[in-house]
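One structure below.
The values are calculated or read from the model by the stated rules, or taken from the named source; none is laboratory data. Just so it is clear, the model here is predicted, and its values are computed rather than measured. All Cβ positions, even for glycine, are placed from backbone atoms using ideal geometry, and neighbour counts span all protein chains on display. Note: areas computed on protein heavy atoms with side chains; ligands, DNA, RNA excluded. Shrake-Rupley method; radii C 1.70, N 1.55, O 1.52, S 1.80 Å.
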Amino acid sequence: QVQLVESGGGLVQAGGSLRLSCAASGSIFSANVMGWYRQAPGNQRELVATISTGGSTNYANAVSGRFTISRDNAKNMVYLQMNSLKPENTDVYYCSVVQSLYAYWGQGTQVTVSS
């Protein structure tokens, strides 16, 4: 089992920045993909960014150049630095770990960007 705990969400004005953190614990494999997804009520969960153990990253087009995903393999942490935030970035953000084709999810953290 893997447990994920997100932190760092909150309310910020448009143009501001937030840094999300996610701590993973439990049976963490040496090879996995960690990531961040977003979801609004009634909508499907959408990719924001992912990062492999080796550091390969993938971003949604809408956040490329503004958001940066990083990880600390020694601490089993993944981060999402969000800059130049826009009201349309408002959502619940979920941390994920995919290993052995199984996905684990955190409980989510609310990000609200005011105009």
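What percentages make up the Cα-Cα pair-distance distribution of the chain when the bins are 5 Å wide from 0?
Each 5 Å bin holds this share of Cα pairs: 2, 13, 25, 26, 19, 10, 5, 1, 0.
Using the per-residue mean of other Cβ atoms lying within 10 Å as a proxy for protection, in what order, highest first, do the peptides 80-89, 10-19 fall?
Values: 80-89: 17.0, 10-19: 13.7.
Those peptides, ordered most packed to least, come out 80-89, 10-19.
What accessible area per residue, rounded to a whole number of Å², is obtained for the chain using a probe radius of 1.4 Å? Each step should come with its number before you reach the end.
Numbers: 5960 Å² over 115 residues.
Per residue, the chain has an accessible area of 52 Å².
Out of the total accessible area of the chain (probe 1.4 Å, heavy atoms of protein only), what percent is carbon and sulfur?
Details: 2910 of 5960 Å².
With neighbouring chains kept in place, the figure for the chain is 49 percent.
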